[in-house]
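Q: Quick one: the structure is below, and I'll ask about it shortly.
No value in this document is a laboratory result; all are computed from the given coordinates. None of the values given here were measured: they were computed from a predicted structure. A quick note on method: Cβ atoms are made from the backbone with ideal geometry, for glycine too, and the neighbour counts reach across all protein chains shown.
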Protein chains: 2
Amino acid sequence: MGDFTAMLSLPLLLSLAALCFYPSTISSMPPPRFSPKSKYAPRFLGKPSRSNYSAPTYQYDTRYFDQNLDHFSFSNLPKFRQRYLINTDHWAGPSRAAPILFYCGNEGDIEWFAANTGFVWEIAPRFRAMIVFPEEEAYRNTSTLAHLTAEQAIADFAVLITELKRNMSAQDCPVVLFGGSYGGMLASWMRLKYPHIAIGALAASAPILQFEDLVPPETFYQIVSDDFKSESFSCFNTIKNSWDVIEAEGQKKNGLSFLSETFRFCKKLKSTAALSDWLYSAYSYLAMADYPYPADFLMPMPGNPIKEVCRRIDNCPDGTSILQQIFEGVSVYYNYTGTVDCFDLDDDPHGMDGWNWQACTEMVMPMATSKYSMFPEYSYNYTSYEEWCLGDYHVKPRPNWITTEFGGHGFKHALKTFGSNIIFSNGLLDPWSGGSVLEDISESIVAIFTKEGAHHLDLRPSTAEDPDWLVEQRATEIKIIRSWLDEYLERKRAVLDM
Amino acid sequence: MGDFTAMLSLPLLLSLAALCFYPSTISSMPPPRFSPKSKYAPRFLGKPSRSNYSAPTYQYDTRYFDQNLDHFSFSNLPKFRQRYLINTDHWAGPSRAAPILFYCGNEGDIEWFAANTGFVWEIAPRFRAMIVFPEEEAYRNTSTLAHLTAEQAIADFAVLITELKRNMSAQDCPVVLFGGSYGGMLASWMRLKYPHIAIGALAASAPILQFEDLVPPETFYQIVSDDFKSESFSCFNTIKNSWDVIEAEGQKKNGLSFLSETFRFCKKLKSTAALSDWLYSAYSYLAMADYPYPADFLMPMPGNPIKEVCRRIDNCPDGTSILQQIFEGVSVYYNYTGTVDCFDLDDDPHGMDGWNWQACTEMVMPMATSKYSMFPEYSYNYTSYEEWCLGDYHVKPRPNWITTEFGGHGFKHALKTFGSNIIFSNGLLDPWSGGSVLEDISESIVAIFTKEGAHHLDLRPSTAEDPDWLVEQRATEIKIIRSWLDEYLERKRAVLDM
């Protein structure tokens, strides 16, 4: 994949982007930065506002499958109905061992993922493939939340695929996995754990190394900061200087009122922490969605939105306050259409949330900020992380579990002679890229990254505005997937000929 | 491994042998054959009578590790204390990246497995290795039985290894897995699921294909029968003819009393089914333990015990009844020392049993007998199997789960280009060999089988009576394990040199 690493950037159309910062400084100083309670905290998946989104619509049947809630024990738990979307319009069927393109559903509404994963829909005809988009439903229900784990999710997929193939006499049809963000992690892990079920996986923007100390905890926010710095050093500095100003203002009498007015919040801020969260979220999402053309993910934004943020910050008239500059900047994220009168923080601490639960159980991704970032310096502190989880979710995280189950420090080393057929795709503007796989591990476990790309644009529907390098990246991915299928069929034929 | 496939047989010292027949014809005709209730039913592990056993004793520390009962969900379940045995006498330590030989504990007392797995103890000095024997404890307790699954077991091992290495600063020390019978299945599955934790596995007599219809359900009993037939056709025929005689006798008035007396049961038989079970068990264990020299597994037996059974059956004086012949024969198994006055069936249907539970949950291994066997013809009937499980354990089996989780029909095909470093060792006299891997899958996932071997003799302590082919087999296994370690260290060094 060496030919690809030198490519220019890939602005990933933000699809499944939203990421979670997880618990942090809620109860400690300096002020909260990664508040897990705020809906503005970056996460893998936000709840997209339907009204804003105008992605292509695709045709599919919606079906349900009775799934075991717990595959790994026999406690007589109830089943749950797993929803999946299926399209067989282009499928050449079992007689031709035609492939099944299987999207590893993230924690969220699968229809939304289906609508935002155009790549799979677009390649299906040329592969004469069936398309399946299963949903991970456990996140919807507090009573089933305990079983919302990556291991159960990929086991769900394994059972669903097996049953689906049996019902369609499609046992010989190869399955190719797709996933972006958390779904990309699931895709790569599923290929590793169920090689007999799927012949390969395209794992887009999958930060499978964002655990323990596999990468420095500062990685994510450093990339966010670098995205801004590379657009404009003065913009980066304005943001970097703004935190002290916010803190100082918050200390003043009526300071919170003043901040609330300046940032046009509908209700008065209760703390500067809430404002910080709101800003952290904006900067993080802007970095994830730093695409080269206008996109409408969680929020409609212009192309190269960070450039626009910095243009606004840098071009304020002389004498504009730093707070006003910041407000002008983040309005690119929160109010690009200019239709919002006031902003509602809506930080309901009682809102149940699947991803936060996962962050408090197995998805423990250490986050910190260094002094080289545009954020106030903050060290990762597992103890307060755990306290937050115990307090809010009454659950004790297992911070070493994911690396035990799926691989930690020895991961790449082990895979040099084990496993095959995984593409890790990334865009280096994406702050999650730092926790993903950015180098080829073996001949067929490969990394494709693009310098200017952001969060898994490759999975998005193609558009007329796609830059050449995006077109080329997708072509490379298709070529690799084609080679997996060819190799599979060749071996299959060899067995039949014997 | 081609050089090995032509070898003569390997009589495996029966160590972990006992196998389970699983539910079957309890409620159907012909009479029960695979009664899961009888302690005489073949199973992976029986409860060995300590008094009988005189295996070498090895030195180790006994330690405990607080283990999560459920790795794959967060239901706030209690932890359990996992016992493990450890020896570091010969270990060259972290500085030399000295290996850890890790035995995948079956469902049973780990001290007994340690004592009966001399191979691991004997090779430790030459590899300058640490030895660890963990126990699977969940089977001991009905409240934890729901979590007694292979997936939890190998996750237990993964967590234990990770913590052990962390505590001993041994993160770079390669782990090699060992296991026999069910433990062999765990070893091979663990290598496949946790390649980042163990660099290879010796899976002895591991019938990982004894699921669904991967092999014919008649396989097991056909091998038992063939073992007898190849010793003596008349012996085979006597056994084959005995079932009708037993049935006919059971129909008579006082027939059950007569049978009880003939077979010296302490209490009167309640049905001919109980006698059949008792006989099935004897024949099956005899086949598993058909070793070339005297051994003392569940029962002390002579070398080549089937030859001795058939000698006794065939050499009865003229006029000896067929029932008496059978009794003389199976006494080789049940009473070789001649010290037993009467036999206690002890078929307590209420006895909780870890392996039967597993057979009723995920370890659904279809069993049947063909007309070519020495047993009455019996077809596998999943419906009655399920009924038995629902009745006795209130649990519904998942007959397709193991193949979904670990691989079914496409298993070998998938592993041709995925995975590495597994030895599947078998002896063809062992009835479980038919459900194991008997052909090389790839360059490093290899099959070593010996024509005259039985159930995982290679894992037993070496003895002065070891035939050459056994010595040679172990040497081959050591050579392969050495190559895994060398390759690991070479790659490790290459990384350090970079």
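Q: What percent does the relative contact order of the stretch A:70-134 come to when contacts are Cα pairs within less than 8 Å and at least six residues apart?
A: Rounded, it is 49 percent for the stretch A:70-134.
Q: Counting only C-alpha contacts under 8 Å and six or more residues apart, can you give the relative contact order of the stretch A:59-189 as a whole percent?
A: Working: 226 pairs, mean separation 40.6, N = 131.
Computed value for the stretch A:59-189: 31 percent relative contact order.
Q: As a test of understanding, state the convex hull volume per residue of the stretch A:62-191 from its alpha carbons, in Å³.
A: Here the figure is 100 Å³ per residue.
Q: Taking one equal scatterer on every alpha-carbon of the stretch A:73-138, how large is log10 of I(q)/I(0) by Debye at q = 0.14, 0.15, 0.16, 0.23 1/Å?
A: -0.48, -0.54, -0.59, -0.92
Q: On to the next question. Over all directions, the average projected area of the alpha-carbon convex hull for the stretch A:238-298 comes to how many nm²? Can you show the working numbers first?
A: Details: hull surface 20.1 nm².
Here the figure is 5.0 nm², rounded to one decimal.
Q: From the phi of every residue in the stretch A:322-328, what ³J(HN,Hα) in whole Hz does the Karplus formula 6.51 cos²θ - 1.76 cosθ + 1.60 yield, where θ is phi - 60° and glycine or proline is x?
A: Listing the rounded values in order: 4, 5, 5, 4, 4, 4, 4 Hz.
Q: May I ask you to list the trypsin sites (Lys or Arg not before Pro) in the stretch B:459-498 that are in a DSSP loop and have at most 12 other Cβ atoms within 10 Å of their Cβ? It would help to have the intermediate numbers written out before the result.
A: Numbers: sites: B:R474, B:K479, B:R482, B:R491, B:K492, B:R493; in loops: none.
The qualifying sites: there are none.
Q: Cβ under 13 Å from A:K371's Cβ, A:K371 left aside: what net charge do those residues give with Lys, Arg +1 and Asp, Glu -1?
A: My count for the surroundings of A:K371 gives -1.
Q: What does the C-alpha gyration tensor say about the overall shape of the stretch A:176-259? Classify as rounded when a/c is under 1.5, otherwise prolate if a/b is larger than b/c, or oblate.
A: It is prolate, given that a/c is not under 1.5 and a/b is the larger ratio.
Q: Over the Cα atoms of the stretch A:174-223, what radius of gyration and what Dmax do you get, in Å?
A: 12.7, 40
Q: Averaged over its residues, how many other protein chain Cβ atoms are within 10 Å of peptide A:403-410's Cβ atoms?
A: Shielding by partners across A:403-410 averages 6.
Q: Per residue, what volume in Å³ does the convex hull of the Cα atoms of the stretch B:353-498 enclose? Before the final figure, lay out the partial values.
A: Working: hull volume 28.2 nm³, N = 146.
Looking at the stretch B:353-498, the number lands at 193 Å³ per residue.
Q: Something else: Provide a whole-number value for the mean count of partner chain Cβ atoms within 10 Å of the Cβ atoms in peptide A:390-397.
A: 1
Q: Moving to a separate point now. Please state the Cα pair-distance histogram of the stretch B:382-464 with 5 angstrom bins from zero: what percent is in each bin?
A: Pair shares across the bins are 3, 12, 15, 15, 15, 14, 11, 10, 3, 1.
Q: Distance from the Cα centre of the stretch A:355-415 to that of the stretch A:247-318, in angstrom?
A: The two parts, judged by their Cα centres, are 26 Å apart.
Q: Give me the Kirkwood hydrodynamic radius of the stretch B:114-223 in Å, from all C-alpha pairs, to one decimal place?
A: 15.5 Å
Q: Over the Cα atoms of the stretch A:321-419, Rg to Rh with Kirkwood Rh, two decimal places?
A: That ratio is 1.11, to two decimals.
Q: How charged is the neighbourhood of A:D486? Take every other residue with its Cβ under 12 Å from the Cβ of A:D486, and add Lys/Arg as +1 and Asp/Glu as -1.
A: Local net charge: +3.
Q: Okay, moving on. Please work out whether the stretch A:433-498 counts as rounded, prolate or oblate from its C-alpha gyration tensor, where a ≥ b ≥ c are the square roots of the eigenvalues and a/c under 1.5 means rounded, while otherwise a/b larger than b/c means prolate and anything else oblate? Please list the in-between numbers first.
A: Working: a/c = 3.66, a/b = 1.80, b/c = 2.04.
Oblate, because a/c is 1.5 or more while a/b does not exceed b/c.
Q: For the stretch A:347-416, which GluC sites (Glu not before Pro) pass both filters: DSSP loop (anything but H, G, I, E, B) and at most 16 other C-beta atoms within 10 Å?
A: Passing both the DSSP loop test and the Cβ count: A:E377.
Q: While we're on this one: Taking the convex hull of the alpha carbon atoms in the stretch A:140-203, what volume per residue do you get, in Å³?
A: Dividing the Cα hull volume of the stretch A:140-203 by its residues yields 87 Å³.
Q: Applying a 10 Å radius around every beta-carbon, put A:233-243, B:65-75, B:330-340, B:215-225 in order of their mean neighbour count, most first. Write down the numbers at each step before the final one.
A: Numbers: A:233-243: 18.4, B:65-75: 20.6, B:330-340: 16.3, B:215-225: 22.7.
Taking the mean over residues of other Cβ atoms within 10 Å, the ranking is B:215-225, B:65-75, A:233-243, B:330-340.
Q: How large is the Kirkwood hydrodynamic radius of the stretch A:71-111, in angstrom, based on all distinct alpha carbon pairs?
A: By the Kirkwood definition, the hydrodynamic radius is 13.7 Å.
Q: What are the principal axis extents of the Cα atoms in the stretch A:264-327, in Å, biggest first?
A: Here the spans come out as 35, 30, 17 Å, largest first.
Q: Take every residue in peptide B:370-381, count the Cβ atoms of other chains within 10 Å of its Cβ, and give the average of those counts. Can you show the working numbers first?
A: On the way: counts 0, 0, 0, 0, 0, 0, 0, 0, 0, 0, 0, 0.
Going residue by residue through B:370-381 and averaging, the value is 0.
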